[in-house]
1. Given points 7 Å out from each Cα along the Cα-Cβ axis, report the ASN53 to GLN259 separation in nanometres with one decimal.
2. How do ASP38, ASP46, ASP201 rank by accessible surface area computed with a 1.4 Å probe, from largest to smallest?
3. How much of THR118 can a 1.4 Å solvent probe reach, expressed as accessible area in Å² and rounded to 10?
4. Please give the solvent-accessible surface of ILE242 in Å², to the nearest 10, using a probe radius of 1.4 Å with every protein chain present.
5. How would you rank 188-200, 216-228, highest first, on the average number of other Cβ atoms within 10 Å across their residues?
6. With a 1.4 Å probe and all protein chains kept in place, how much accessible area does ASP85 have, in Å² rounded to the nearest 10?
7. By how many nm would the segment from LYS266 to LYS125 lengthen if fully extended, with 0.36 nm per residue of separation less the alpha-carbon distance?
8. What net charge do the residues around TRP122 carry, taking every other residue with its C-beta under 13 Å from that of TRP122, with Lys and Arg at +1 and Asp and Glu at -1?
Amino acid sequence: PVCGYWVPCYVLAPATPGVTQNKMSYQSQPYVPALPADAPPDIIEDEKAFNSNLIPNDKMQVIISQVKARLGNLLPISDPNKLSDEELIIKFLIQWEFNVDESVKKLTNYAQHWKAQTASNWVNKPFPQNWACLIAPAAGWCGKDRAGNPVFWDVPDGAAYVSNSKKEPHEDAIVAFHKLIELQRATLKATGSMRCTFVVDLSKLPLTTLGHRHAVSMFRKCTASVNELYPEMARWIIWLNIHQPASSIMKLMMSWCNQRIRAKFKVLNTPELTKYIAPDQLPVQYGGTAGRQVAPVRDLLLNPPVDPAALAASLQPAMAHKEVEILAC
């Protein structure tokens, strides 16, 4: 029974009441999240291949010490949704292939980003209402993937997205996108999870959306911000029910990401979801039997600030049971 908790052997993330910690898998790489005991063989092999370029834990500890020394008084980073500074350092090292110079550079930018966000009280600023289309009414958490990660579901409104993306500059869109991701990170922290899987259902996306230059430009900016600020947040990014002619656009989008991120992209149809998410973890609208709703993502975003204690409390009913229920919808 896995709750998605991630604990490096040399640092304990804060415990969440009612949430059981995972044991580590892969003795030589204990910073890799553990897999559920019932993970299918193909998922186990997929995880091993995915993590094959990681380095042994003793070497990782040495590198972390080097990064900390170079970051100096930038630590601790004033990120309200981190599990720890060590967690952030490890994520950036993995993202930048253990290049210490590049990781320190990106972490410096990240620390300065959060210093500015804290100074401007960004967390409590309202969500840009004109970009509410980024959050579908049904968007939210439901179940876990076969590797034990929480799953976030979204069904974007393509027409509204294209209409809004024509209005440049895109500062409001970037703010809205970051606020959505920060709420997702707050949820991961509340449940003690390192990563999640994203399922983006494109069935309501007009065929012309992905070929629209403003929409593509906006998506590229959002992708760039994820690469810079949110490394190693996703395990899989599943594009569901995409129109086949748009596959070339998807390839273009993938070209903006490094090899490790590209390996996370999966283009599936609804019946193929069970390869990555068990039927009892799927929402009913996708043929599954996952449980009840808990906390509305849209309401939380449009009515800030989000109280971490209240968010954690709202998730406890789902996390307290052996079966995984909807975490937030």
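1. Placing both labels 7 Å along Cα→Cβ, they lie 0.5 nm apart.
2. Details: ASP38 125, ASP46 45, ASP201 10 Å².
Largest accessible area first, the residues go ASP38, ASP46, ASP201.
3. 80 Å²
4. Using a 1.4 Å probe on the heavy atoms, I get roughly 30 Å².
5. Numbers: 188-200: 22.7, 216-228: 16.5.
Packing proxy ranking, top to bottom: 188-200, 216-228.
6. Estimated to the nearest 10 Å², ASP85 gives 20 Å².
7. Values: separation 141, 0.36 × 141 = 50.76 nm, distance 3.42 nm.
Here the segment from LYS266 to LYS125 would lengthen by 47.3 nm.
8. Details: positive: LYS115, LYS125, LYS179; negative: ASP79, GLU171, GLU182.
Here the charged neighbours net out to 0.
The values are calculated or read from the model by the stated rules, or taken from the named source; none is laboratory data. Worth saying up front: this structure is predicted, and the values here are computed from it rather than measured. Cβ atoms come from the backbone with ideal geometry, glycine included; neighbour counts cover every protein chain shown. For the accessible areas, the whole protein counts, side chains as well, though only heavy atoms, and no ligand, DNA or RNA atoms are used. Shrake-Rupley method; radii C 1.70, N 1.55, O 1.52, S 1.80 Å.
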